[in-house]
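Data first, discussion second: the structure below is written as structure tokens.
The values are calculated or read from the model by the stated rules, or taken from the named source; none is laboratory data. Given the structure is predicted, the values throughout are model-derived calculations rather than measurements. Using ideal geometry, Cβ is built from the backbone for each residue, glycine included, and neighbour counts are taken over all protein chains shown. The accessibility values were calculated without ligands, DNA or RNA, using every heavy atom of the protein model including side chains. Shrake-Rupley method; radii C 1.70, N 1.55, O 1.52, S 1.80 Å.
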Amino acid sequence: MSKSLPKRSENYSEWYNELVKRADLAENSAVRGCMVIKPYGYSIWEKMQRALDDMFKETGHTNAYFPLFVPKSLFEAEEKNAEGFAKECAVVTHYRLKNNPDKPGKLMVDPEAKLEEELIVRPTSEAIIWSTYKNWIQSYRDLPLLINQWANVVRWEMRTRLFLRTAEFLWQEGHTAHATREEAIAETEQMLHVYATFAEEFMAVPVIRGKKTANERFAGADDTYCIEAMMQDGKALQAGTSHFLGQNFAKAFDVKFVTKENKQDYVWGTSWGVSTRLMGALIMAHSDDEGLVLPPKLAPIQVVIVPIFKGEEQLNLISETVLPIVKELKKRGISVKFDNSDKQSPGFKFAEYELKGVPVRLAIGARDLANGTVEVARRDTKEKKTYAISDIVETVSSLLEDIQTNIYQRALNFRTENTHQVDTWDEFTKILEENPGFISAHWDGTPETEEKIKELTKATIRCIPLDVVEEEGKCILTGNPSSKRVIFAKSY
């Protein structure tokens, strides 16, 4: 608490890393590239989980769990998927350790315990799930099959950053099977909109809904849909993906069904997921140089009440007023903490709860009791006002809704101000250099041009927006004809 955070304007990366640690969200672990999610950070993730899980169940999905390990032969059955993830896989080759005869007290891998077939630690679960679906699906009556799992996955990253990119991370992955292509595409799009609704209504993060280019498509998918969010440094962050798998995995794992017409056909598949990367998006989209700014819907503590007192007698008097307020707020489903500890000063507590992004802080002392008032501070604007104690429950309820709306609007305004429409290469490179953000520009549709732009500028096509308007234009790099604009940005 004694040292202020780095400034976003001076070193955005250092500001982010320090904030994650100082706000008690996560820390690096003893395992290289992995993280420990601390209780406060995990509380935010739990609120995300609950909200998303409810949304999944409202759309007909149920949860299951599948093994962490995938036999190599299953993993390589869908060739594009296997090739896409091959360089990121952790592989189990042995099943036992033994004492090291040359180093007393130490262990070694037992060379006699080599597995007959290597096991892949799942980087994604399509292989193990589709091999299971083969046993679950025989007829159109078994479809659609709508399954989600909450799990961890491992992708062996060399350069890691807490929440944004770690070797192991938490996520959910939905895997569904359908009787027709149209049903599968409708499912893929539906789940994309579920993610977008969650991002905007719970995280207060505006997103662009779009499709990935062929270059950026999930390995093994026919189409990948995504939501893209803008962080405060102007970079894009992919906040969720939904994949139309066609019949690729069904054919790889021989998942067939008998149609209503009594014919054999392969099922149509989808997969979709979001991860603890959303925690990174939440932090980078809203927080400031004093700490976290959390939208009330995801804040573990929505309201903190700090008593200002001298001695037990004053605290007891304040508590008599505060405890009924706490009870009434909880009745309304508002999470509230009455911090009556005497271990830290009120000033220390104010700074701590500001750092942790608690949306509303109430402060009440002996003078406030005498006046029948309480000081209310909101985290998003840092505005402080005095309200009547008798009105405080209604005031706080209304204020939380206002804060949720304001945080979203502020992020939307920021994105609008930092989205640029350009028509020339010079404009494109100038904006990338001087004023990073989203760039709406024409592209000729070829993978070669896409790769060349990435090579020259490090900017990638984030998505082809679903609401894109058809218009004639010229590619910013090649000058070749283009029928629509796409969104470019540098990204995480």
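Here is how the numbers come out for the structure above:
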| quantity | calculated |
| --- | --- |
| Relative contact order for segment 161-278, counting Cα pairs under 8 Å that sit 6 or more residues apart, in percent | 34 |
| Shape of segment 445-492, Cα gyration tensor, a/c cut at 1.5 | oblate |
| Computed Kirkwood radius, in angstrom, where 1/r is averaged over Cα pairs of segment 101-201 | 17.6 |
| Spacing of the two label points (7 Å from each Cα toward its C-beta) at ARG159 and ASN435, in nm | 2.8 |
| Relative contact order of the chain, defined on C-alpha pairs under 8 angstrom at six or more residues apart (%) | 13 |
| Dipole axis of segment 247-396 (+1 Lys, Arg; -1 Asp, Glu on Cβ), positive-most option in GLY372, GLY311, ALA281 | ALA281 |
| Chain lengthening between THR62 and ALA30 when straightened (0.36 nm per residue, less Cα-Cα) | 8.0 nm |
| Net charge contributed by nearby residues that have their C-beta within less than 12 Å of GLU118 (K/R +1, D/E -1) | -1 |
| Helix-only [θ]222 nm of the chain, DSSP H runs n ≥ 4, -39500 (n - 2.57) each, per residue, nearest 500 | -11000 deg cm²/dmol |
| Segment SER139-ALA90, length gained on full extension (0.36 nm per residue, minus Cα span) | 14.0 nm |
| Charge dipole (the chain, unit charges on Cβ, about Cα centre) - positive-most of HIS442, GLN421, ILE407 | ILE407 |
| Relative contact order of segment 365-492, pairs being alpha-carbon contacts under 8 Å that are 6 or more residues apart, as % | 20 |
| Where Cα atoms sit under 14 Å apart: lysine pairs in segment 337-492 separated by 8 or more or lying on different chains | 8 |
| Principal-axis tilt of helix 39-58 within the chain, Cα atoms, nearest 10 degrees | 60 |
| Projected-area average for segment 211-253 over all orientations - Cα convex hull basis, square nanometres | 3.3 |
| Compactness of segment 229-335 as Cα Rg over 2.2 N^0.38 Å, two decimals | 2.00 |
| Cα gyration tensor shape of segment 49-169, rounded if a/c is under 1.5, else prolate or oblate by comparing a/b with b/c | prolate |
| GLU320/LYS103 FRET efficiency (R0 56 Å; Cβ-Cβ; nearest 0.05) | 0.25 |
| Two-site FRET efficiency, ASP289 against GLN149, from Cβ-Cβ distance with R₀ of 45 Å, rounded to 0.05 | 0.70 |
| Hz values of 3J(HN,Hα) by residue in segment 359-370 - Karplus curve (6.51, -1.76, 1.60), Gly and Pro given as x | x, 10, 10, 10, 10, 9, x, 4, 5, 4, 4, 4 |
| Taking only Cα atoms of segment 318-396, radius of gyration then Dmax in Å | 12.2, 31 |
| Rounded accessible area of LYS452 (nearest 10 Å², 1.4 Å probe) | 90 |
| Rounded to 10°, Cα long-axis angle of helix 311-331 versus longest principal axis of the chain | 40 |
| Projected area averaged over orientations for the chain, convex hull of C-alpha atoms, nm² | 30.0 |
| Charged-residue dipole, Cβ positions (Lys, Arg, Asp, Glu), the chain about Cα centre, Debye nearest 20 | 1180 |
| 10 Å binning of all Cα-Cα separations within segment 276-421, expressed as whole percents from 0 upward | 11, 40, 32, 12, 4, 1, 0 |
| Area accessible to solvent at GLU168, 1.4 Å probe radius, in Å² | 60 |
| Packing rank of 208-215, 442-449, 293-300, 313-320, where each peptide gets the mean count of other beta carbons within 10 Å, highest leading | 293-300, 208-215, 442-449, 313-320 |
| Phi-based couplings in Hz for segment 474-479 (Karplus 6.51, -1.76, 1.60; Gly and Pro marked x) | 10, 4, 4, 9, 9, x |
| Among 225-236, 107-118, 469-480, 409-420, the order from most to least packed when residues are scored by Cβ within 10 Å on average | 225-236, 409-420, 469-480, 107-118 |
| Whole-Å distance, taken between Cα centres, linking segment 93-109 and segment 419-492 | 55 |
| Carbon + sulfur, % of accessible area of segment 52-96 - ligands and nucleic acids excluded, 1.4 Å | 53 |
| HN-Hα J in Hz across segment 258-274 - Karplus 6.51, -1.76, 1.60, θ = phi - 60°, x for Gly and Pro | 8, 6, 4, 8, 6, 10, 8, 8, 7, 6, 10, x, 9, 8, 7, x, 10 |
